[in-house]
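Colleague: Would you mind keeping the following structure in view while I ask a few things?
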């Protein structure tokens, strides 16, 4: 009898948790409009940052935040989500940022509203790697590349990924290369301190977390 009671109690708890978790996935309070996604099987790869739908947090211009199942379309530089009916939607009210987890479970923060970035506008999304007086942001780019194999009549199309880094300071954006020379040049007023930090922490410039740490350290000492 005792085991039966424990089983029933556990089942109720699990059921409540499942309902709450499901409720967090879809939010009926968001104003959105349905959109049709055309599947293009001719193009190899995916236009999205992450192929699967992921639970993330979106922040709107009115200051409200919501948890929704979302996808970031890199090719169109657009965020979409699913409503409670699992319809694919676009946001009616302006979005100013969103958080989502990467494939390896790390939190990624994206923002827009960054002015004066060449080739992009204020609605373009950038990953915010470091915030402060000097910001480091990363732009994910997805383009379609065409290639024809030798002696083949058909042209193959595939999505190609590329990335750019920008430093935002005093309202101006500067494209940089993620290497020691360039970063020391950008952070020249604390060049010695940053150089020592890079050496003592064995910074890898191919690692975004390390790049974030460098700029976070700079912002902490550049008072």
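Readers should treat all values here as calculations from the given coordinates under stated rules, not as data from a laboratory. As the structure is a prediction and not an experimental result, all values here were calculated from the model. Neighbour counts are summed over all protein chains in view; Cβ atoms, including those assigned to glycine, are modelled from backbone coordinates with ideal geometry.
Colleague: Of 163, 84, 51, which has the largest mean-square fluctuation in a 10 Å C-alpha GNM of the chain?
Modeller: 163
Colleague: Could you tell me which label, among (1) 16.1; (2) 19.9; (3) 11.6, carries the value of mean projected area of the Cα convex hull in nm² calculated for this structure?
Modeller: Working out mean projected area of the Cα convex hull in nm² from the coordinates points to (2).
Colleague: Right, another one. Can you give me the angle between helix 191-200 and the longest principal axis of the chain, using Cα atoms only, in degrees from 0 to 90, rounded to the nearest 10?
Modeller: So the inclination is approximately 60 degrees.
Colleague: Can you give the extra length, in nm with one decimal, that the chain gains between residue 146 and residue 36 once fully stretched, where that is 0.36 nm per residue apart less the Cα-Cα distance?
Modeller: Full extension from residue 146 to residue 36 adds 37.1 nm.
Colleague: Tell me, what is the FRET efficiency for residue 102 and residue 153 to the nearest 0.05, using R0 = 30 angstrom and their Cβ-Cβ distance as r?
Modeller: Given R0 = 30 Å and the Cβ-Cβ separation, E is 0.15.
Colleague: Using alpha-carbon pairs under 8 Å, 6+ residues apart, how would you state the relative contact order of the chain in percent?
Modeller: Dividing the mean separation by the residue count of the chain yields 14 percent.
Colleague: How big, in percent, is the set of alpha carbon pairs in the range 40-168 lying more than 21 Å apart?
Modeller: 46
Colleague: Highest mean first, how do 64-75, 148-159, 187-198 rank when packing is the count of other Cβ atoms within 10 Å averaged over residues?
Modeller: Details: 64-75: 18.4, 148-159: 9.9, 187-198: 14.8.
Put in order of decreasing packing, that is 64-75, 187-198, 148-159.
Colleague: So the label point goes 7 Å from the Cα of residue 51 along Cα→C-beta, right? Which residues of the range 59-77 then have their backbone N under 18 Å from it?
Modeller: Residues passing the 18 Å test: 70-75.
Colleague: Here is a follow-up. To the nearest 0.05, how large is the calculated FRET efficiency for residue 61 and residue 223 if R₀ is 25 Å and r is the Cβ-Cβ distance?
Modeller: The computed FRET efficiency comes out at 0.20.
Colleague: Separate question: P(r) of the range 132-210 in 5 Å steps, Cα pairs, percent per bin?
Modeller: Binned Cα distances yield the sequence 3, 12, 17, 19, 13, 9, 7, 7, 6, 4, 2, 1.
Colleague: On a 0 to 90 degree scale, rounded to 10, what angle separates helix 208-221 from the longest Cα axis of the chain?
Modeller: Value to nearest ten degrees: 60.
Colleague: At what distance in angstrom do the alpha carbon centres of the range 141-188 and the range 41-83 lie from each other?
Modeller: 21
Colleague: At what distance in nm do the modelled label points of residue 133 and residue 193 sit from each other, each positioned 7 Å from its Cα along Cα→Cβ?
Modeller: If labels sit at residue 133 and residue 193, their model points lie 0.9 nm apart.
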